[in-house]
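In what follows, a structure is listed as structure tokens, so that the remarks can point back to it.
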Amino acid sequence: MEVVKKARVKATEEKLKPKLFSVLKGYTPQQFIKDVTAGVIVAIIALPLSIALALASGVSPEQGLYTAIVAGFLVSFLGGSRVQIAGPTAAFATIVAGIVASQGMDGLVISTIMAGMIMIVMGLCRFGKLIKYIPGTITSGFTFGIAVTILIGQIKDFLGLTFKNSPIETVDKVEEIFRCIGTINPMAALIGLISLAILILWPKKLEKIPASLIAVIVCSAIVKLTDMNVNTIGDLYTISNQPPKFALPEVSFARIRSLAPSAFTIALLAAVESLLSCVVADGMIGSKHRSNMELIAQGAANIGSALFGGIPATGAIARTAANVKNGGRTPISGMVHSVVVLLILVLLMGYAELIPMPTIAAILFIVAYNMSGWKNIRDTIKTAPKSDIAVLLTTLVMTVVFDLVVAIGVGMVMASLLFMKRMADVTEAHTWVDDDDEDTDPDNIQLKHIPEHTKVYEINGPMFFAAAEKFSYMLDDEDTDVLVIRMRNVPAVDASGVAALTDVVERCGKKNINVVFSHVNEQPMHAMQKAGLTETVGSENFCDHIDTALLRAQEIVST
């Protein structure tokens, strides 16, 4: 027994052990060279993306790089995946922009720290496997909704529009776009189209060199050399090349309470996207990630990012895939990626002010397209039940019209109610009588001899509150001395289910009808014992098999 306990403790410790400490045992110089190469390439990819996503989130360009540096390093150092690359992602852009607009940077820092704490608790409580219970329709809905929101938010810079107002909500942005459509800057639109063409066509020729980097270099050169009237990052933002610095926000209980919904949304979104990225990476390298350790690492990374001037971070599927394709196989590549981004920030950040805003918008258009999952949406609408389509479309519309907090809340409520309805629909009780029909199942009730004045009901499916009313007709027949309730196909019972069974037993008692239960599973039996139902019915009337239950019924009828 002592050996078994120690083995269990050891297994638990391994699950919360960072992958870095596991892979270093057989680490080779050859793999180090591959990891460094992959880390440098991923850093080059992450540079324009981090800047673009920071601007889409309503913060300064360097804050996106701070996120890639701090969060990227911590996730690789502490994470449960061999190859996960973390940093700012498009999924957070709308919610971060909303928090910054309404609560300021301090509000974002507090929300992100709280989200990090929530994820650490989730990991310590072994919630890593529970993320899979979030319906795919909700994930698809809010992901597509975020993509639409990002696309709409970048039309202004892509076309070089001059807004009269500064709208925050997506619907207001659409109205402002139509109101100011006459202010299009043809030069900005041209740079945007050139950028978009490079981003679409370049990967078909030279996939090794990031298309976003080429678009940034080419379009920055065009604007600088031709002196085109196009806004650049330097025209709109003051760029700092200072490394991340530690800073604490002003915290109050009122702010914590008001920001709690946003913190939970960030935590849920970061957990889902990170673990999804880990699953994709596992398939690419034939490994298996540690989901709970990954949640803890993501929590620590978000806390670190917030304290050092960054924004929420999560596992980035595209950057993780690029890491794998370029030879990265250990967390060392992710750590190298962070160090390289830091060097670029300190040494080359001054050149970032030359990047045209239409190019940033074009990069975000491609990001939105890649994350939208429109093929999955199309297939769901074609093949899924109407209830699933309703959840998907509701979540999508709520994300665009309102925000992610409302969308996820409404989507989860809808999905839960529809799931309960489905479970209630499949839960049923059948009555059986003596029959001579042939059947290949030796336990089929139709092959059994049912004693006189005995009714047998077989319940199929979980007995919970949404299905409790289905069992009220068990006593429709007055000519009954024994009621046998077969429960082999009842996996679970809740309080309403126990109450329904108790009601049946009490009504049987008033009519002098004996109740015999057959094959009650573990969870239902435990629930019935807690409710005192086993004492009311009598332990002798709980049988482990239908044959035993029918013999008990025969005995009751005979006496």
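Numbers for the structure displayed
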{"item": "Selection within region 136-190 - without any contact (Cβ under 8 Å) to a residue 12 or more places away in the chain and either aromatic (Phe, Trp, Tyr) or crowded, with 23+ Cβ neighbours inside 10 Å (or both)", "result": "Phe178"}
{"item": "Qualifying position, being part of a helix (DSSP H, G or I), crowded, with 21+ Cβ neighbours inside 10 Å and modelled with pLDDT of 90 or more, among Leu550, Leu501", "result": "Leu550"}
{"item": "Matching residues in region 318-338 - criterion: being out of contact with any Leu (no Cβ under 9 Å at 6 or more places or on another chain) and either surrounded by fewer than 17 Cβ atoms within 10 Å (Cβ to Cβ) or part of a loop (DSSP other than H, G, I, E, B) (or both)", "result": "Lys325, Asn326, Gly327, Gly328, Arg329"}
{"item": "Filter result for Ile69 (over 22 Å from the mean Cα position of the chain (by Cα), modelled with pLDDT of 95 or more and buried (at least 24 other Cβ atoms within 10 Å of the Cβ))", "result": "yes"}
{"item": "Residue among Thr162, Thr139 that is out of contact with any helix residue (DSSP H, G or I) (no Cβ under 6 Å at 6 or more places or on another chain) and farther than 25 Å from Leu307 by Cα", "result": "Thr139"}
{"item": "Residue under evaluation Gly64, criteria (1) over 19 Å from Phe246 (Cβ atoms); (2) within 26 Å of the chain's Cα centre (by Cα), criterion not met", "result": "(1)"}
{"item": "Region 384-413 residues that are within 17 Å of Ala263 (Cα to Cα) and touching a residue at least 24 places away in the same chain (Cβ under 8 Å), paired with ones that are assigned to a helix (DSSP H, G or I) and hydroxyl-bearing (Ser, Thr, Tyr) (beta carbon under 6 Å, 6 or more apart)", "result": "Leu404/Thr265; Val405/Thr265; Ala407/Thr395; Ala407/Thr399"}
{"item": "Selection count where residues are buried (at least 23 other Cβ atoms within 10 Å of the Cβ) and modelled with pLDDT of 90 or more, scope region 90-102", "result": "2"}
{"item": "Qualifying residue in region 512-528 (condition: surrounded by fewer than 19 Cβ atoms within 10 Å (Cβ to Cβ), modelled with pLDDT under 85, assigned by TED's automatic domain parsing to the domain that holds Lys448 and assigned to a loop (DSSP other than H, G, I, E, B))", "result": "no"}
{"item": "Flag if Glu294 is in contact with a Gly (Cβ under 8 Å, 6 or more places away or on another chain) and farther than 26 Å from Pro48 by Cβ", "result": "yes"}
{"item": "Hits in region 199-233 - residues which are over 13 Å from Pro358 (Cα atoms) and either touching a helix residue (DSSP H, G or I) at 6+ places or on another chain (Cβ under 7 Å) or of a type in the set (Lys, Arg) (or both)", "result": "Trp202, Pro203, Lys204, Lys205, Lys208, Pro210, Ala211, Leu213, Ile214, Lys224"}
{"item": "Some residue of region 280-287 being assigned by TED's automatic domain parsing to the domain that holds Ala362 and either closer than 18 Å to Ala54 by Cβ or touching a His at 6+ places or on another chain (Cβ under 8 Å) (or both)", "result": "yes"}
{"item": "Residue check for Val83: modelled with pLDDT of 90 or more and in a helix (DSSP H, G or I)", "result": "no"}
{"item": "Matching entry among Gly299, Gly309 (being touching a helix residue (DSSP H, G or I) at 6+ places or on another chain (Cβ under 6 Å) and either assigned to a loop (DSSP other than H, G, I, E, B) or of a type in the set (Val, Ile, Thr) (or both))", "result": "Gly309"}
{"item": "Test: residue in region 253-274 that is in a helix (DSSP H, G or I), touching a Pro at 6+ places or on another chain (Cβ under 8 Å) and farther than 27 Å from Ala97 by Cα", "result": "no"}
{"item": "Ala306 closer than 19 Å to Val59 by Cα, modelled with pLDDT of 85 or more and touching a strand residue (DSSP E or B) at 6+ places or on another chain (Cβ under 8 Å)", "result": "no"}
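The values are calculated or read from the model by the stated rules, or taken from the named source; none is laboratory data. Only a predicted model underlies this, so the values are computations on that prediction, with no experimental measurement involved. FYI the Cβ positions are ideal-geometry reconstructions off the backbone, even for glycines, and counts take in every protein chain you see.
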